[in-house]
Amino acid sequence: MVMDKRIFIIAALACSSFLPGCCKVEQKRPPVAGSPHGGAVKADEYQAPYYPGLIEEYKTLLAEDPNNLAAIIAIGNAYFDSGQWKKAITYYEHALRIDPRNADVRTDMGTSYRNQGLYERALAEYRMVLQHEPGHLNARYNTGVVYAYDKKDYVTAVHVWEELLRLSPSYPKSGHMRTCIVTFKKVIEKGNQ
């Protein structure tokens, strides 16, 4: 329970720190939807987990049971939350060999690829998620992020986010997306003149 709270705190802060930045089209590291192992807390309550300790605990569990899916995902999440993208991907790939349709793991793996600058690979992972689980909102949101900020394809980003808003008008980042959509439509219109 303590570990879940820690991960929840980290993801919430990571997500909330990006929300105001959408209006600037030139933003370098735009927001992505928080991984499902996260949540929201007040900034003054935040204390970063000790990732090396968590990782060692998970490695101990995996030494006893190398196919413990929960431990594999948890260590992948610890690497993800600490910004160690390549290591996160290694464990996410292991998890996906056991549970190939785990949409949350595949979405986080896609985001890990994105954070390494591998945008096409990230999009491929998000597409695979949506092929098996079309209602996965974070995969949709993150697809829009990659198109908007990494590929500068504002038309596709707007389309993806408008579709997400049709599916879930109260998605947690709906206000952010609406602001971005307005901004990107102005950029698109300006480019067409």
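With 24 Å as the limit, write out which pairs from Lys87/Lys152; Lys59/Lys173; Lys87/Lys173; Lys86/Lys185; Lys152/Lys185 have Cα-Cα distances beyond it, or answer none.
Violating the 24 Å limit, Cα to Cα: Lys87/Lys152; Lys59/Lys173; Lys87/Lys173; Lys86/Lys185.
Gain in length, Ser168 to Glu56, computed as 0.36 nm per residue apart minus the alpha-carbon separation, to one decimal in nm?
Taking Ser168 through Glu56 to full extension adds about 36.5 nm, to one decimal.
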Query raised in the report: So what J values fall out for region 156-172 if you push phi through Karplus, 6.51 cos²θ - 1.76 cosθ + 1.60 with θ = phi - 60°, rounded to Hz, Gly and Pro as x?
Result: 5, 4, 4, 4, 4, 6, 5, 5, 4, 5, 5, 6, 9, x, 9, 3, x
Query raised in the report: Fewest to most neighbouring Cβ within 10 Å: what's the order for Tyr141, Tyr154?
Result: Tyr154, Tyr141
Query raised in the report: When Val145, Val158 are ordered from fewest to most other Cβ atoms inside 10 Å of their Cβ, what list results?
Result: Val158, Val145
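Every number here is computed from the coordinates shown, using simple stated rules; none is lab data. Computed from a predicted structure; not experimentally measured. Neighbour counts run over all protein chains shown; Cβ positions are idealised from the backbone, glycine included.
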